[in-house]
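Here, each number is a calculation from the coordinates, and none is a lab measurement. Here the structure is a predicted model, which means the values were calculated and not measured. Please note: Cβ atoms are built from the backbone with ideal geometry, for glycine as well, and neighbour counts cover all protein chains shown.
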Amino acid sequence: MKSTDKLEPIMPFPICPNCGSQQIIDSDTYYRYKGDIVCNHCKCRYYVEFGGYGGDILLSPPKILEMPDKIDPKLLEGLTVPIIPKELYSVYKDAAKCFGFGVPKGATVLCRYVIQLALKLKGIPDNPPEKMVDIAGSKTPPLLSPLAIKQCKAATFMGGKAGHPQANWVENVTPDDAHQSLLATKRVLLELFYPEGLRND
């Protein structure tokens, strides 16, 4: 490996294959390097090979290895494993990813599933989600607050709409609907498994 007092930029600079931003890297560190780089802009992980005469020529176009998570951190705030069961957290996180990548229908369908599974884990018999929400609300004491019950019903309704093609475009699930569904599902998870997480200190 070359050694100099001053780091010299490697040329040509690789271009992130996900967002297209130019990566400025130094030839000392990446001399004849073959491996992955994380984009400093979008956090995409991609593979590069440098070699040739001088050891700092990009031998082929960068190849994506792993796309970054496009998740709004606020959607996950307060939700941690094992406080939230791992399976629930994993599916909810997938719903947040769907939303981040612009797939609102996928997000709402997964939210519906999360609510149904969360209620099953709390002993509510398997039924259509809307009925499960009613049963959870009629228990003594109720498993969910009146606010969460209303949000739950809205989230499961949107998930049902997203899971079936709509003849009328007005009934399609929008990104705003999916965002509301995620927030409602988050509240349900906190009420069921970590009510302390709802405090506004």
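Of all the options Leu59, Leu79, Leu189, the one that moves most in a Gaussian network model of the chain with Cα springs shorter than 10 angstrom is Leu59. Pairwise Cα distances in the stretch 73-198 exceed 19 Å in 42 percent of cases. In the chain, the calculated helix contribution to ellipticity at 222 nm averages -13500 deg cm²/dmol per residue, counting -39,500 (n - 2.57) for every DSSP H run with n ≥ 4. Residues Glu87, Glu191, Glu49, ranked from the fewest to the most other C-beta atoms within 10 Å, line up as Glu87, Glu49, Glu191.
Most tightly packed first, judged by the mean number of other beta-carbon atoms within 10 Å of their residues, the peptides 22-32, 111-121 read 111-121, 22-32. Spin-label model, Ser138 to Asp176: label points 7 Å out along the Cα-to-beta-carbon direction sit 3.4 nm apart. Its residue count N sets the reference 2.2 N^0.38 Å, and the alpha-carbon radius of gyration of the stretch 73-118 equals 1.08 times that reference. Helices assigned as whole DSSP H runs in the chain whose Cα atoms extend at least 15 Å along their own long axis and whose mean Kyte-Doolittle hydropathy is -1.0 or higher are found at 86-100, 104-121, 146-162, 175-193.
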